[in-house]
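J.: The following block contains the structure, expressed as structure tokens.
Each reported figure results from applying straightforward, stated rules to the coordinates on display, with no laboratory input. These numbers were taken from a predicted model, which means no experiment stands behind them. All Cβ positions, even for glycine, are placed from backbone atoms using ideal geometry, and neighbour counts span all protein chains on display.
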Amino acid sequence: MEKYFIKFDYGVKPKNQAEKAARELALGIDGTLISGAGVASNLLQEIKDEISKINEANKRCADIAIYTWGSDRNASNISIGGNSNRTGVCYLRIYDVKQEI
């Protein structure tokens, strides 16, 4: 069974309410262990859905973008906010769990 560990990393300082809300969303996922086939892609879709809600609720702010890079099998790096140069307000790293102790 596939297992993944999610780690939060800080990025640039949030400049508006939308960026603050996006960072809080990511902080809520920090330290989570998920398991099952396809869960990494499902998680990415859930994050995109929540970011869409944040964008809708904060129309006066610039839209929060999501960029992924890394492994083709799962989105091993997610940048939330920022631009395609990966300078986001925060990052989620998704690690394959190789061994449990």
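J.: For the chain, which fully contained strands (runs of 3 or more DSSP E) count at least 1 residues that are among the aromatic types (Phe, Trp, Tyr) and touching a strand residue (DSSP E or B) at 6+ places or on another chain (Cβ under 9 Å)?
T.: Per the criteria, 3-10, 66-69, 90-96.
J.: Just one of (1) without any contact (Cβ under 8 Å) to a residue 40 or more places away in the chain; (2) closer than 22 Å to Gln99 by Cα; (3) out of contact with any Lys or Arg (no Cβ under 9 Å at 6 or more places or on another chain) trips up Tyr4, so point out which.
T.: Going through (1) without any contact (Cβ under 8 Å) to a residue 40 or more places away in the chain; (2) closer than 22 Å to Gln99 by Cα; (3) out of contact with any Lys or Arg (no Cβ under 9 Å at 6 or more places or on another chain) one by one, Tyr4 breaks only (1).
J.: Let me ask you something else. For region 22-49, what are the residues that are surrounded by 16 or more Cβ atoms within 10 Å (Cβ to Cβ) and among the charged types (D, E, K, R)?
T.: Arg23
J.: Same structure again: Return the residues of region 54-70 that are surrounded by 15 or more Cβ atoms within 10 Å (Cβ to Cβ) and of a type outside the set (Phe, Trp, Tyr); say none if nothing qualifies.
T.: Passing the criteria: Ile54, Asn55, Asn58, Cys61, Ile64, Ala65, Ile66, Thr68.
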